[in-house]
Amino acid sequence: MDHFQYKNGELYAENIALSKIAQEVGTPFYVYSQATLERHYQVFADAVKDIDATICFAVKANSNISVIKALSDLGAGADVVSVGEMKRALKAGVPADKIVYSGVGKSRSELKAAVETGIRQINVESEEELAVLNEVAQEMGARMPIVLRVNPDVDAKTHAKISTGKSGNKFGIDWKRAVEVYQRASNMAGVEPKGLACHIGSQLTDLEPFRAAFRRMKEMVSELRGLGLDVSRVDLGGGLGIPYDEGDTPLPVEYGKLVVEELGDLDVEFEFEPGRMIVGNAGILVSEVIYVKEGLSKTFAIIDAAMNDLMRPSLYDAYHAIVPVIEADAEEAKQLYDVVGPICETGDTFAKDRLLNKLKTGDLIAFRTAGAYGATMSNTYNSRSLIPELMVKGEEYAIIRRRLDIEEQMDLEALASWQD
Ligand SMILES: *Cc1c(COP(=O)(O)O)cnc(C)c1O
């Protein structure tokens, strides 16, 4: 359920017609619904209400400070994967003690910044990182709370590029070594092991891989405790899939039940890192049709958004529902389109052979479910502008990232001193 619905034949974001925003701001743009964001956070919070849980929003899904702030106001913490994201979370008002820091390649200076800030914990992903962190923290006279991110070697059954919990993936410490590493960490002066973490992938549409990972986590916690080691936190990552089309995805409440069923008696503080589940359906991308080009074998709808604005289709063959902003007559015949952007790459294709209502120059369309991994992955390829992001609340909207145009981009560049 989201707040992008048709009213009187027009697509609205909450109580504002998208055509009005398009007229005032220009296309393409991202727009988020604050009510939808809040609702999804609440649904997740309700799903885990029976256990001691800290919900750390995975900032990489949508790192706009206004989005983070909306969630932080509801009590969310943040899962960050860079110092940049940590700074965003702090700026948006997330307390340091609700920030967890994941990622396989944290540099010495990033580790230092995290220790200095006094965040809740660092999720350590390798023995090499552990050694460096131990050193850094000792130099600073600190003892940094950590959890070990474990690679549980389970198949998340998701797209290969977003699977992270198989032994061949770069993430986490192999589960077979984790107990030994934890034991070593507990003897280090610069770190304080608090528990374990896992995150097996993104857009999981089946709960069974979670179950397999949870069981492995439980075994490891028992083993550690058997060795007399303290385990007070278990971070279960994110990864819950959402419906991009008609397909079924597990409900957060079922996920919550699974956690209770498998790990409810563990006597730890749980941490969750949902990203997509919170913001995915809370955002859409609005674009205008530039040309409808009749090819020999295809009809191309060429639109003013491109792969640089929304990479998911070209990167992961991801599906996004495409809907008209002005509702079409139900009787009207539909047609097959390849929906493409203006970029000089064949990969700049959003949809192939998609059955849509007739399109013409100037029509507005919306990509649904574009709130996660949309704006955060956008770039300026082909010297295109970074497009605006907007937040809607009721009848109001705000520009929460303005357009970054070519003049400002060129301002970052300079000729070399020997060129005149
Ligand atoms: C990306 C990521 C998440 C969020 O994943 P979603 O599928 O968006 O829920 C959580 N934790 C870690 C460590 C991640 O890298």
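The values are calculated or read from the model by the stated rules, or taken from the named source; none is laboratory data. These numbers come from a predicted model, not from an experiment. Don't worry about glycine lacking a Cβ; one is built from the backbone with ideal geometry, like all the others, and counts go over all protein chains shown.
Miscellaneous remarks
- Number of residues in region 98-115 that are more than 15 Å from Val191 (Cβ to Cβ) and of a type in the set (D, E, K, R) equals 2.
- Within region 153-171, being at negative phi and either touching a His at 6+ places or on another chain (Cβ under 7 Å) or touching a residue at least 40 places away in the same chain (Cβ under 8 Å) (or both) holds for Val154, Asp155, Ala156, Thr158, His159, Lys161, Ile162, Thr164, Gly165, Lys170, Phe171.
- Close Cβ contacts (under 6 Å, 6 or more residues apart or on different chains) running from residues in region 394-420 that are at positive phi to residues that are assigned to a loop (DSSP other than H, G, I, E, B) comprise Gly394/Glu14; Gly394/Asn15.
- Residues that are among the aliphatic types (A, V, I, L, M), within 19 Å of Gly195 (Cβ to Cβ) and touching a helix residue (DSSP H, G or I) at 6+ places or on another chain (Cβ under 8 Å) were ranked within region 259-299; the one that is surrounded by the most Cβ atoms within 10 Å (Cβ to Cβ) is Val259.
- Val136 meets each of the listed conditions (1) more than 16 Å from the ligand (Cβ to nearest atom); (2) assigned to a loop (DSSP other than H, G, I, E, B); (3) β-branched (Val, Ile, Thr) apart from (2).
- Selected residue [outside the structural domain of Ala160 (by TED's automatic domain parsing), surrounded by 13 or more Cβ atoms within 10 Å (Cβ to Cβ) and either of a type in the set (D, E, K, R) or touching a residue at least 12 places away in the same chain (Cβ under 8 Å) (or both)] from Ala375, Ala333: Ala375
- The condition (being at pLDDT 95 or above and surrounded by fewer than 16 Cβ atoms within 10 Å (Cβ to Cβ)) is satisfied by just one residue among Arg225, Arg233: Arg225.
- When Gly347, Gly295, Gly280, Gly341 are checked against the criterion of being closer than 30 Å to Val147 by Cα, among the small types (Gly, Ala, Ser) and either modelled with pLDDT of 95 or more or not assigned by TED's automatic domain parsing to the domain that holds Ile65 (or both), a single residue qualifies: Gly280.
- Selection from region 110-131 of residues that are farther than 21 Å from Asp235 by Cα, of a type in the set (A, V, I, L, M) and in contact with a helix residue (DSSP H, G or I) (Cβ under 6 Å, 6 or more places away or on another chain): Ala113
- Of the candidates Glu85, Glu110, Glu116, the single residue that is within 13 Å of the ligand (Cβ to nearest atom), assigned to a helix (DSSP H, G or I), surrounded by fewer than 23 Cβ atoms within 10 Å (Cβ to Cβ) and touching a residue at least 24 places away in the same chain (Cβ under 8 Å) is Glu85.
- Scope region 1-58; condition of a type in the set (S, T, N, Q) and over 20 Å from Lys69 (Cα atoms); matching residues: Gln5, Asn8, Asn15, Ser19, Gln23, Thr27
- Residue within region 135-149 that is under 30 Å from Ile400 (Cβ atoms) and charged (D, E, K, R) present: no
- Taking the criterion of being in a helix (DSSP H, G or I) and free of Cβ contacts under 8 Å to residues at least 60 places away in the same chain, the residues of region 186-217 that qualify are Glu208, Pro209, Phe210, Arg211, Phe214, Arg215.
- Count - residues of region 197-243 that are within 13 Å of the ligand (Cβ to nearest atom) and on the phi < 0 side of the Ramachandran plot: 16
- A single entry from Arg39, Arg88 fulfils the requirement of being of a type in the set (Lys, Arg) and within 28 Å of Ala114 (Cα to Cα): Arg88.
- Within region 93-107, considering residues that are closer than 18 Å to Ser63 by Cβ and out of contact with any helix residue (DSSP H, G or I) (no Cβ under 9 Å at 6 or more places or on another chain), the one nearest to the ligand (Cβ to nearest atom): Ser102
- If you check Gly362, Gly347 for being assigned to a loop (DSSP other than H, G, I, E, B) and surrounded by 11 or more Cβ atoms within 10 Å (Cβ to Cβ), only one passes: Gly347.
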